[in-house]
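Accompanying notes for the structure given below.
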Amino acid sequence: MESWKIVVPSYNRPDEFKSKTLATLKFHEIPASRIYLFVASEEQKAVYQRVLSTEDVGHIIVGEKGLPEIRNFIFNYFPIGTPLVSFDDDVRGFVILNGDKLRPLNANELKPLIDLAFSECKRVGANLWGDYPVHTNAYWMSNTISFDLKFIKGSFWGCYNPGVEIQINIGSGEKEDYMRTVKFWERDGKLVRFNFLAHKTVTYGGSGGL
């Protein structure tokens, strides 16, 4: 099993993080020692520490304010080649294709899928992976893993850390996941996407975030 790390950028949403992404990680038995929460300032760190304990999150790191800025900070924080699994702070779980319908992902299924994603990256020479970008409709999903140029949604994805070689500079960052997808594709010529798995999140709604 890869020694991957969970990275979560969050700004001013400790309760949402705790009730959504952290609850999802706990359900899937991800140990706190693997979870790195990145916040914008020392003041923000104090806000999160009032809500979270070390049993919830093993590491709270002060980075920079702004989505592109914190994404780049995370890439610069870890050694190049570190396997990273990125979550937004409002992921509410996963669904997986079961025949022609979707079912919730069981508690013991996420970690093996993450291991498989990194294994597939190594096998084909890719460095970025993700899942299907829509969790509400199984119609276009399939029991396949694709390696061509397909969108990797920004609220859940994984990569072997490229460091400064791939940085996001797309202004407000609202489409930073498109830029990251294209940059990894241009460098590697391959992406790994699980077309049978999707995560649950709200991209253009709710307070904070996008």
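The values are calculated or read from the model by the stated rules, or taken from the named source; none is laboratory data. Keep in mind that what you see is a predicted model, and the values were worked out from it rather than measured. All Cβ positions, even for glycine, are placed from backbone atoms using ideal geometry, and neighbour counts span all protein chains on display. All accessible areas refer to the heavy atoms of the entire protein, side chains included, with ligands and DNA or RNA removed. Shrake-Rupley method; radii C 1.70, N 1.55, O 1.52, S 1.80 Å.
Okay, residues lined up against (1) in contact with an Asp or Glu (Cβ under 8 Å, 6 or more places away or on another chain); (2) modelled with pLDDT under 95; (3) open to solvent by less than 40 Å² (accessible area, probe 1.4 Å):
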{"position": "120", "(1), (2), (3)": "no, no, yes"}
{"position": "123", "(1), (2), (3)": "no, no, no"}
{"position": "140", "(1), (2), (3)": "no, yes, no"}
{"position": "145", "(1), (2), (3)": "yes, no, no"}
{"position": "152", "(1), (2), (3)": "yes, no, yes"}
{"position": "160", "(1), (2), (3)": "no, no, yes"}
{"position": "171", "(1), (2), (3)": "no, yes, no"}
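Quick one: what pairs do we get from the range 102-114, first residue farther than 18 Å from residue 160 by Cα, second surrounded by fewer than 15 Cβ atoms within 10 Å (Cβ to Cβ), C-beta under 7 Å, 6+ apart or different chains?
Note: pairs meeting the criteria are 107/29.
Which of the numbered conditions does residue 68 fail, given that it passes all the others? Conditions: (1) modelled with pLDDT of 95 or more; (2) within 22 Å of residue 188 (Cβ to Cβ).
Among (1) modelled with pLDDT of 95 or more; (2) within 22 Å of residue 188 (Cβ to Cβ), the lone unmet condition for residue 68 is (1).
It is to be established whether one or more residues within the range 125-136 are in contact with a strand residue (DSSP E or B) (Cβ under 7 Å, 6 or more places away or on another chain), among the acidic types (Asp, Glu) and open to solvent by 20 Å² or more (accessible area, probe 1.4 Å).
No, there is no match, as no residue in the range 125-136 is in contact with a strand residue (DSSP E or B) (Cβ under 7 Å, 6 or more places away or on another chain), among the acidic types (Asp, Glu) and open to solvent by 20 Å² or more (accessible area, probe 1.4 Å).
Take residue 114 and decide whether it is among the β-branched types (Val, Ile, Thr) and in contact with a Leu (Cβ under 8 Å, 6 or more places away or on another chain). Talk me through it step by step, then tell me what you get.
Working: among the β-branched types (Val, Ile, Thr): yes; in contact with a Leu (Cβ under 8 Å, 6 or more places away or on another chain): no.
Judged against the criteria, residue 114 is not a match.
Kindly provide the set of residues from the range 101-118 that are of a type outside the set (A, V, I, L, M) and open to solvent by less than 30 Å² (accessible area, probe 1.4 Å), ordered by number.
The answer is 118, and nothing else.
Specify the residue that is nearest to residue 88 (Cα to Cα); the eligible residues are those in the range 1-20 that are hydrophobic (A, V, I, L, M, F, W, C), at pLDDT 95 or above and out of contact with any Ser or Thr (no Cβ under 7 Å at 6 or more places or on another chain). Steps first, please.
Here is the first cut: in the range 1-20, the ones hydrophobic (A, V, I, L, M, F, W, C) are 1, 4, 6-8, 17.
Those still in the list that are at pLDDT 95 or above too: 4, 6-8, 17.
Remaining after also requiring out of contact with any Ser or Thr (no Cβ under 7 Å at 6 or more places or on another chain): 4, 6.
Details: 4: 16, 6: 10 Å.
By that ranking, first place goes to 6.
Please work out which residue is farthest from residue 17 (Cα to Cα), limiting yourself to the range 197-210 and to residues that are buried (at least 19 other Cβ atoms within 10 Å of the Cβ) and at pLDDT 95 or above.
Looking at residues that are buried (at least 19 other Cβ atoms within 10 Å of the Cβ) and at pLDDT 95 or above, I get 197.
Can you name every one of the helices (runs of 4 or more DSSP H) wholly within the range 1-100 that holds 1 or more residues which are in contact (Cβ under 8 Å) with a residue 40 or more places away in the chain and open to solvent by 10 Å² or more (accessible area, probe 1.4 Å)?
14-19, 21-27, 67-77
Testing residue 165 on (1) farther than 21 Å from residue 76 by Cβ; (2) more than 18 Å from the chain's Cα centre (by Cα), one condition comes back false. Which one is that?
Here residue 165 clears every test but (1).
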